[in-house]
Structure formats: structure tokens, C-alpha cells
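J.: This is the structure I have questions about; it appears just below.
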Amino acid sequence: MTRHAIDRRSFVKATAATVAGATLLSPFTALSTNARASRLVAARGRREIRVGVIGCGGRGTGAAGNALEASPDVRIVALGDLFAERIARAQAGLASFGDRAKVPPAQCFTGFDAYQGVIAVPCDYVILATPPGFRPVHFSAAIAAGRNAFVEKPVAVDPTGIRTMLAAANEVDAKGLRVAAGTQRRHERSYLEAMQRVSGGAIGHVVAARVFWNMGSLWNVAPDPARSDVENQVRNWLYHTWLSGDHIVEQHVHNIDVANWAMGSHPVRCVAVGGRQSRTDTTAFGHVFDHFAVDFEYAGATEGGEPRFALSMARQQDGTAGRVEEVLYGSTGTARLTSGSARLTSHNKADAWEFKGPNNNPYVQEHIDLQKAIVDGTPLNETRQVAESTMTAIMGRMAAYSGAEITWEDALASPMNLMPPSLQFGPLQQAPVAIPGSSTSSASR
Ligand SMILES: NC(=O)c1ccc[n+]([C@@H]2O[C@H](COP(=O)([O-])OP(=O)(O)OC[C@H]3O[C@@H](n4cnc5c(N)ncnc54)[C@H](O)[C@@H]3O)[C@@H](O)[C@H]2O)c1
């Protein structure tokens, strides 16, 4: 592999131009600009940024497109997925990027060990976008091999996986690697500007938050009797906690991450309720819940000595009121945040503020930030932050499934490991729906 000298100034210029365009272009509409830019880059002798993808579904393909859009220097060099047809679909989805996204068959890998094939191909970073149950093993293998990474959220489904991620986070630091996480609000201009004001004291001491991801149902894949249990569950992964963590972890982690960001730490304990009322068919919808509400307590008391808290609510039920946002309450004001919009009110008029834009495309920005850190050699390690937010969501699920109040220490120390002992296509009994107050679910404790 040829490595050319890195022209940092051109890199920053190219990526800045892409950010400006990001609000106008979808990840797959930048072809002609990028293809032209790619030829120019080669002519100027700048080095390629080589990217491997593990998990070539909707997000893996989307993230690969975002990486390609982030810089004309990017080339996709390896693809890995459990299923060959997903690789073919990803290649078709990225066809508009031309040669930059064409991967030779020898660098496409399938099966449960596909991640090892991708990691073995020399590259500047790997995108990890399988269902999150596999993330700790894939991430720790990538870091052990010295790869930088873009790691999709959530990063685990149980405390055992979180401990693996936290150990790998230390290895990232020790090896001087770079990691960006798919909690894209941390890369979105409206959030960054608002949170900079919040941490600067614009709403005073943050004492409470309400965070929501309430929506209708998502896709599901009906089981095929010709396929094994494991294959059916992996194809319908949202509905099996060993794969998705349940929707409080898989989806609501985004809003929980904002609560932790505003509070400056993870919670110390929580109590929760949850259940399933509309997705009751266990053949179609596995054993996960369709609603959760959690009261997270944080260290650092209010003026009256009460604990700081975040109310978190997540629902996937058709025909119900939708709401995806975070509201922060401080001693002198409030902040209301959602993608592309942010508004601060305050007792002090000078602190009142509204985001007026322009916003950026945070999915592209994540890759701009990671690529810049890799090229410039500056530190970037978002592993701990996303692992803590994932653990917060797992702790909420443990409290809801079990009905118990749970502390952070106990949740993090739990021996719970939801991964089946042997990973291969074959029989695997579906977990039962958790019933709070009884110990029916292995995902409770
Ligand atoms: N940041 C965001 O806004 C965002 C949006 C969507 C999804 N996501 C996250 O991205 C991840 C993937 O979600 P998705 O929507 O792309 O799902 P998906 O089902 O579309 O894709 C997952 C892919 O992983 C493959 N896969 C499954 N097990 C594998 C294994 N062991 N090894 C290799 N490949 C394997 C599947 O075949 C599939 O192609 C999830 O963690 C999800 O939470 C993040």
C-alpha cells in the first residue's frame, strides 16, 4: 500500500467545503462532485483514507456513504456482513460513488467471522454497524489490531459488553487510536452551540431533564421456517434483547446520551416501568417491550437537597403521540433541543437564545471529525462516553424488566452476558417476555 505525504491544509479545506454542502446534499447525491474531486486528489498526490465496513445494512451503507461524502480522499476497501446479499445491496447502494466504493470480491467477507476479514485488510478506520450485540467483540478485535474506528451506537446490550468496551477505551488511549461514535447529536451544530451555552451557565445549574423518543413501530422480518432460530432472530434483530438491547438501548440511547451530556456524568441509580401492550405477537416481535419510562438520579443535589434527575420515556406504539426531544431544566432557565433546533430561555435576558442555523449534517460531520483526527494526529476517543450512555440505557432496561431499583455500581458489575455461548446458525430458544417482579428474564439482572 502506498502512503503519500499528508497535505493537512487541503484536507481541512476539502472537508470544510463538504460541511458547507452537507445541508444541501443527501449522502448519495454528491457523486459528480466527489468523483471529480477524487481524481483531483489523486493528481495532487494526497493519501487515500481507506475505510472498511462491518455490517452492511441500512446504517453501515449509510455511514460508508457519509464517510465518502466527508472527504474526496476516502475509498471503501473492505466489506463484511453475515449475509452475502447485504454486501451486494450495499455495493449497489454506493454505486453512485463510482470506483471509490467498488470493493474487489477478495476483500468482501461473509459469516460470523466476517469482521476478522475486514479488520485484516489494511485501512485507516473501520465502520462498525452490525446489531449492537456483536459490537464489543468486533470493537475490541479492531482496537487490538490497531484500527481506528467509527462505532455505531449502542455499543453493547449488557454489562459484560460494556466492560469490554471500557477496557477497549483504555487501549484506544494507550495505542493513540481515534474513535468516533454514532451518537450524532454530539456532532450536530444546533446541539453543540446549545450545549456550549448550557455548560457555560446560560440556564444555571442543570437540575433536571426530560428526554423522549416516542414513535410508532419499526420494521420487522417474519420468521422463515426454512431458516434456523439464530438466523431468524438475527434478521429480526430489533426484537431480541441479546441483539438489540431492546428499543430503550437501541434507539432511546440518543436522548439518554444528551441527558448524561447535560448532567456531566452518568446516573447513580434508577427506577423504571415498562411493558408491551401493542406489540404482543411474540412470533413477529420477539420478547422486547414497546414502552419504557425511567427516573434516573444523578449525583449533585438541587438547592433544596433533592437529587438531580432525568425522566426518560421511550415508546414504539402505532397511533400514539410522537415526540423526539430533550428538555433541560436549570436553576435560571431551560433548554429545549431537537435535531436542527434549539431554544434557551433564561431569567437573565442576555442568556436567552435560539439556534438560527445553518445546521450541518451530523452523520457526515462524524466522519469529518474522525478523518481530521486521523490525518492531523489529534486525539479523539468517544468510546467511554458512548459506552456510559449505552450502560445508562441498559440500566434503565434492567430496572424496567425486573421492577427493582438499581444502582450504577450494581448494574455495571452484573455478570449478565446475553450472547449465546456458541455463535452459529442453529437452534436458539427465544427469551421470554420479562415480567417485573419475577425473574423470568435473563436480561433483568
Ligand atoms: N446513529 C443513528 O442514527 C443510527 C441509525 C440507524 C441505525 N443505527 C445503528 O446501526 C446499527 C445497525 O443498524 P441498521 O439499521 O443498519 O440495521 P440493519 O439490519 O439494516 O443492518 C445490520 C447489518 O448487520 C449484518 N449483521 C448482523 N450480524 C452480523 C455479524 N455478526 N457480523 C457481520 N454482519 C452482521 C446484517 O446482516 C445487516 O446487514 C445498530 O446498532 C443501530 O442501532 C444508528
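The values are calculated or read from the model by the stated rules, or taken from the named source; none is laboratory data. Values in this document were obtained by computation on a predicted structure and should not be read as measured data. FYI the Cβ positions are ideal-geometry reconstructions off the backbone, even for glycines, and counts take in every protein chain you see.
J.: Which residues, taken from segment 368-398, are more than 13 Å from Met165 (Cβ to Cβ) and in contact with an Asp or Glu (Cβ under 7 Å, 6 or more places away or on another chain)?
T.: Correct list: Ile374, Leu380, Arg397.
J.: Residues in segment 276-290: is at least one among the acidic types (Asp, Glu), in contact with a Lys or Arg (Cβ under 8 Å, 6 or more places away or on another chain) and surrounded by fewer than 23 Cβ atoms within 10 Å (Cβ to Cβ)?
T.: yes
J.: Considering only residues that are closer than 22 Å to Ala141 by Cβ and touching a helix residue (DSSP H, G or I) at 6+ places or on another chain (Cβ under 6 Å), which ones fall in segment 58-74?
T.: Keep residues of segment 58-74 that are closer than 22 Å to Ala141 by Cβ, which gives 59-61, 63-64, 67.
Thr61, Ala67 - these are the residues of segment 58-74 that are closer than 22 Å to Ala141 by Cβ and touching a helix residue (DSSP H, G or I) at 6+ places or on another chain (Cβ under 6 Å).
J.: Of everything in segment 212-255, what is more than 9 Å from the ligand (Cβ to nearest atom) and in a helix (DSSP H, G or I)? Give them in sequence order.
T.: If the condition is that a residue be more than 9 Å from the ligand (Cβ to nearest atom) and in a helix (DSSP H, G or I), then Asp229, Val230, Glu231, Asn232, Gln233, Tyr239, Thr241, Trp242, His247, Ile248, Asn255 are the ones that fit.
J.: Let me ask another. Take Arg163 and decide whether it is assigned to a helix (DSSP H, G or I), within 14 Å of the ligand (Cβ to nearest atom), touching a residue at least 24 places away in the same chain (Cβ under 8 Å) and within 22 Å of the chain's Cα centre (by Cα).
T.: no
J.: For Ser402, which of the numbered conditions (1) crowded, with 19+ Cβ neighbours inside 10 Å; (2) in contact with a helix residue (DSSP H, G or I) (Cβ under 8 Å, 6 or more places away or on another chain) fails to hold?
T.: The number of the failed condition is (2).
J.: Could I ask something else about it? In the set Asn148, Asn170, Asn214, which member is in contact with an Asp or Glu (Cβ under 8 Å, 6 or more places away or on another chain) and modelled with pLDDT of 95 or more?
T.: Every option except Asn148 fails the conditions.
Matching residues to (1) at positive phi; (2) assigned by TED's automatic domain parsing to the domain that holds Gly146; (3) among the hydrophobic types (A, V, I, L, M, F, W, C); (4) at pLDDT 95 or above:
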residue	(1), (2), (3), (4)
Arg47	no, yes, no, no
Gly57	no, yes, no, yes
Gly65	no, yes, no, yes
Val103	no, yes, yes, yes
Gln107	no, yes, no, yes
Gln116	no, yes, no, yes
Pro122	no, yes, no, yes
